[in-house]
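**Q** To start, I am sharing the structure in question, which I have written as structure tokens.
The values are calculated or read from the model by the stated rules, or taken from the named source; none is laboratory data. All values reported here derive from a predicted model rather than from experimental measurement. When we count neighbours, we look across all protein chains shown, and the Cβ atoms used for this are built from the backbone with ideal geometry, even at glycine. Just so you know, the surface numbers come from the protein's heavy atoms only, side chains and all, with ligands and any DNA or RNA stripped out. Shrake-Rupley method; radii C 1.70, N 1.55, O 1.52, S 1.80 Å.
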Amino acid sequence: NVQTFLRHLTIFFTSFLKSHLTLLENGDTSTRQVLLTSLGFLLRLSQVNDTTIFKICLEYWSQLVTDLYDTQRNDVPRQALVLGSLHKQQQKSQRVELYSDMLSRLRRVMIAKMAKPEEVLIVEDENGDIIREPMKDTDAIILYKTMRECLIYLTHLDTTDTQDTMLTKL
């Protein structure tokens, strides 16, 4: 079955990248190219119209962008102080620079596949008060919250690219 193969391939790529990310980042140019190629395949797998495959990819992307954000937050202020610059948001850590093209493509995928937000029903209770009653669709809500968090980190990593991507989509 094709979908089973793609699921196993997705699990392979995410496991491989989780286990060897530091080694691939710190390697020579050809090793970094293997990293970027692997991420490119994972990005393509993220576009497959299968919720299970997307959830596996989303878990990896969320972990990666959170880690990149933490790196950016920890590295850039020190560099900005050394350089005497007050514009730390315009600077990117070398690690984030390595992923900049791939992160831009990931933003497009995330925005295109964004899950619907939590639905609410406005009802009137027995006292005549208007109350907000959330609808129970936990799987969709969890997917939405994870994607939203991932997009927030992606936005913090490059606000301009996120803005441009959203304007293009609109």
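**Q** To the nearest 10 square angstrom, how much accessible area does V123 have with a 1.4 angstrom probe?
**A** 40
**Q** What accessible surface, in Å², does a 1.4 Å probe find on Y144, ignoring ligands, DNA and RNA and rounding to the nearest 10?
**A** Y144 exposes around 50 Å² with every protein chain in place.
**Q** Can I ask one more? Nearest 10 degrees, 0 to 90: what angle lies between the long axis of helix 94-112 and the longest principal axis of the chain (Cα atoms)?
**A** Helix 94-112 sits roughly 30 degrees off the main axis of the chain.
**Q** Here is a follow-up. Averaging sequence separations of C-alpha pairs under 8 Å and six or more residues apart, then dividing by the length of the chain, give the relative contact order as a whole percent.
**A** With pairs under 8 Å counted, the relative contact order is 20 percent.
**Q** Which ³J(HN,Hα) values, rounded to whole Hz and listed in residue order, are derived for the stretch 17-27 from phi using the Karplus coefficients 6.51, -1.76 and 1.60 in 6.51 cos²θ - 1.76 cosθ + 1.60 with θ = phi - 60°, glycine and proline given as x?
**A** Each residue of the stretch 17-27 in turn: 5, 4, 6, 10, 4, 4, 4, 5, 5, 8, x Hz.
**Q** Another one. Enumerate the calculated ³J(HN,Hα) couplings along the stretch 114-130 in order (Karplus 6.51 cos²θ - 1.76 cosθ + 1.60, θ = phi - 60°), each rounded to whole Hz, writing x wherever the residue is Gly or Pro.
**A** For the stretch 114-130, the Karplus curve yields 3, 6, 5, x, 4, 8, 10, 10, 8, 10, 9, 7, 5, 8, x, 7, 8 Hz.
**Q** What ³J(HN,Hα) values, in whole Hz, does the Karplus curve 6.51 cos²θ - 1.76 cosθ + 1.60 give for the stretch 146-155 when θ = phi - 60°, with x put for Gly and Pro?
**A** 5, 5, 4, 4, 4, 5, 5, 5, 4, 5
**Q** Net charge near L64, counting Lys/Arg +1 and Asp/Glu -1 over other residues with Cβ under 12 Å of its Cβ?
**A** Summing Lys and Arg as +1 and Asp and Glu as -1 gives -2.
**Q** Another question about this same structure. Hey, what angle do you get for helix 29-46 against the long axis of the chain, alpha-carbon based, 0 to 90 degrees rounded to 10?
**A** So the helix axis and the longest Cα principal axis differ by about 20 degrees.
**Q** Another question, then. Hand me the tally of lysine pairs in the chain: alpha carbons under 18 angstrom apart, and the pair either on different chains or 8 or more positions apart.
**A** 10
**Q** Starting from 0.36 nm per residue, how many nanometres of slack lie between L167 and E124 once their C-alpha separation is accounted for? Please report the intermediate quantities before stating the final value.
**A** Values: separation 43, 0.36 × 43 = 15.48 nm, distance 3.80 nm.
Extra length available between L167 and E124 comes to 11.7 nm.
**Q** How much space per residue, in cubic angstrom, does the convex hull of the C-alpha atoms of the chain take up?
**A** Taking only Cα atoms, the chain has a hull volume of 165 Å³ per residue.
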